[in-house]
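S.K.: Before I ask anything, let me first share the structure, which is written out below as C-alpha cells.
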Amino acid sequence: MSANDRDFIVVENRLAPVHQHQVMLHELGHFICDHETTPVMTPEASRLLLPSLDPELVRRVLGRDHSNSEAEQEAEYVGSIIGRRISTWAIERTWDIPPEAEELVARLSALEKPTQRDRSE
C-alpha cells in the first residue's frame, strides 16, 4: 500500500512466520516490478465506505489481481529469488574437517555434488 511518498506492506499477524515472509517477499516483487493495481471501486464509493482513507490508498491495497495472472506469477518469482538470496538456508556453510575424517567427507561430498565427468558417464 502507498501513502504519499512511502510504501507499506501489511501482513496478517496470525500467519505463520514463514508465510508472513512469503507474503512480504511477494509484495516486494510487486513493488520491484512496478505492477499496477486495478480499480476495485470508484473514488466516490471509496469515500462513502471508507471516509477516513484516501481513495488512492484503497485502490492500491484492494486493487491487486489475486489470480494466476502474469503479474502475480512474476511477483512470486521475484519474491522467491529475493528469499533465496537472503535466507539462512541459502548460505553455503563450511566446517573445519579433522584430518582423520577428510576421506569420508570427500566420499560423501562426491555423492551430494557429482562432478561434470560423473554426469557424462
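S.K.: Any idea which residue in the stretch 19-49 is nearest to Glu74 (Cα to Cα), counting only those that are of a type in the set (Val, Ile, Thr) and at pLDDT 85 or above? Spell out how you get there, then give the answer.
M.R.: In the first step, residues of the stretch 19-49 are kept if they are of a type in the set (Val, Ile, Thr); the result is 23, 32, 37-38, 40, 42.
From what is left, the residues that are at pLDDT 85 or above are 23, 32.
Details: Val23: 14, Ile32: 10 Å.
Per the criteria, the residue is Ile32.
S.K.: Something else about it: Just checking, does the stretch 102-110 include any residue being surrounded by 12 or more Cβ atoms within 10 Å (Cβ to Cβ), at pLDDT 70 or above and not in a helix (DSSP H, G or I)?
M.R.: The first filter runs over the stretch 102-110 and keeps only residues surrounded by 12 or more Cβ atoms within 10 Å (Cβ to Cβ), leaving 105.
In the following step, the residues that additionally are at pLDDT 70 or above were identified as 105.
Right, trim to not in a helix (DSSP H, G or I) and you get none.
The answer is no; no qualifying residue exists.
The values are calculated or read from the model by the stated rules, or taken from the named source; none is laboratory data. Keep in mind the model is a prediction, meaning the values are calculated, not measured. So basically every Cβ, Gly included, is an ideal-geometry build from the backbone, and we count neighbours across all protein chains shown.
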